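K.L.:
Pasting in a structure now, in structure tokens, and then I'll have a few things to ask.
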């Protein structure tokens with residue numbers, strides 16, 4: 001289940017609370033072009049696209065082939081879920097797949113985000129205690145600013161313990177992985193990784209120690225996995241045997257009843273152990289207790305746990321697939337900047353590690369935890385790509401597939417290749433303006449008036465801590481690229 005959730009989260013959309021950057025420049029000289037592509041015959045067109053998306057092609061090939069067919073990175077198509085049991089869901093979208101067209105999704109004057117987290121489909125609010133949480137709110141809705149400010153306050157208050165908590169929990173995680181390798185010759189690590197993620201996030205965001213509840217300490221991460229899975233199943237390719245996946249995972253929405261007991265246990269734990277955070281949500285941000293509880297649950301489970309469960313394995317994969325000697329280069333920088341394992345790591349120390357941070361950014365560029373972003377046009381407007389202008393009508397749903405957007409050859413040199421030091425030096429820092437993994441540019445700032453991920457900087461700094469810790473503790477790590485298992489670690493000398 002853990003592996004399935006990691007894969008599902010990596011193919012779901014908008015998993016951050018998440019942005020406004022400066023409005024896209026209005027075109028003056030580019031030619032106006034009719035949006036190519038189409039939706040096909042009613043029912044048949046969406047079903048055909050759905051089968052391509054999930055079965056015959058997969059998401060990335062699905063979008064690549066339509067770019068080739070339409071000779072454009074802006075085109076009309078259908079995205080799942082669709083017929084038979086999603087009759088209220090409209091699969092029609094305008095795909096925006098270059099940096100310039102995609103950036104319109106961050107302009108809150110042009111697009112709204114109401115109920116568009118994972119497209120036109122929205123899971124039942126029963127999954128969130130009958131509360132429409134912040135991720136489904138548009139910036140124009142009054143409660144959005146209340147909840148966004150509440151989330152930013154949680155992070156601000158956690159800043160004093162965040163780094164030290166991460167380091168402490170990493171000690172436990174790597175001790176477990178070393179023990180697994182000693183006993184069986186390898187460690188599949190995903191369970192240990194998710195327990196680490198759940199443990200440090202619960203401490204930092206909720207102010208709770210999972211060990212206060214043996215059941216939550218042992219199974220809390222698995223409860224979140226199941227809760228996440230049922231919400232995302234209709235929209236993501238899991239990789240099961242076809243046509244069984246189409247029949248049983250993509251044809252209907254699963255009911256909350258199947259994870260009700262898990263969710264209620266987690267809510268009771270958060271209510272009890274996170275009482276101070278919840279009371280602050282009520283007193284300082286004027287939220288009802290239910291709004292505070294279920295938004296906190298969503299921040300913990302969907303945004304943070306779900307996102308890190310995708311992102312951290314991507315870091316391991318980048319290390320496993322490297323053939324350029326990146327481990328030695330990372331180790332050298334970490335040891336030069338921070339010394340041996342006796343020297344404490346912190347956010348300040350990893351900010352001095354240019355290559356470590358660039359490695360993290362490049363992983364985000366090629367493997368964003370939130371591949372799909374959506375936004376609905378507030379009004380008619382002209383959308384510009386690198387070479388053309390397109391007329392968007394009010395109400396049309398825009399869809400951006402970030403793994404292709406972040407391979408835009410007009411912006412990134414050698415875009416298909418992992419270049420660990422891409423974001424170093426002056427030119428690399430300029431490219432951060434086009435790194436959009438957080439529902440906004442890396443150079444942007446989350447505010448109550450945009451949808452950028454409130455933890456944008458915490459995510460990159462935590463990942464940098466993760467990498468720096470690894471190469472402070474070990475001289476090298478061996479990962480089987482086929483199975484993903486860690487087969488050997490060489491302790492620092």
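K.L.:
Ratio of alpha-carbon Rg to the 2.2 N^0.38 Å globular estimate for segment 296-345, to two decimals, please.
P.N.:
Values: Rg = 15.4 Å, N = 50, 2.2 N^0.38 = 9.7 Å.
Compared with the compact-globule rule of thumb, segment 296-345 sits at 1.58.
K.L.:
Shifting gears a bit: Can you divide the C-alpha Rg of the chain by 2.2 N^0.38 Å and report the result to two decimal places?
P.N.:
Working: Rg = 22.0 Å, N = 493, 2.2 N^0.38 = 23.2 Å.
Taking the Cα Rg and dividing by 2.2 N^0.38 Å, one obtains 0.95.
K.L.:
May I pose another question? Just report the Cα centroid separation between segment 371-414 and segment 336-363, whole Å.
P.N.:
Cα centres, segment 371-414 to segment 336-363: 34 Å.
K.L.:
Which percent, nearest 5, of DSSP beta bridges in the chain are antiparallel?
P.N.:
Once the DSSP bridges in the chain are tallied, antiparallel ones form about 80 percent.
K.L.:
May I ask for the equivalent-ellipsoid semi-axes of segment 265-350, computed as the square root of five times each C-alpha gyration tensor eigenvalue and listed largest first in whole Å?
P.N.:
Values: eigenvalues 308, 63, 21 Å².
Equivalent ellipsoid of segment 265-350: 39, 18, 10 Å, largest first.
K.L.:
Quick check: the distance between the Cα centres of segment 193-220 and segment 233-270, to the nearest angstrom?
P.N.:
22
K.L.:
Determine the calculated [θ] at 222 nm for the chain from helices alone, applying -39500 (n - 2.57) to every DSSP H run no shorter than 4 residues and normalising by the residue count; nearest 500 deg cm²/dmol. List each step's numbers first, then the result.
P.N.:
Working: 18 runs with 222 residues, N = 493.
Value at 222 nm, helices only, nearest 500: -14000 deg cm²/dmol.
K.L.:
Then there is this: What is the distance in Å between the Cα centroid of segment 277-291 and that of segment 80-156?
P.N.:
Taking the Cα centre of each part, segment 277-291 and segment 80-156 sit 22 Å apart.
Readers should treat all values here as calculations from the given coordinates under stated rules, not as data from a laboratory. Being a predicted model, the structure only gives us computed values, none of them experimental.
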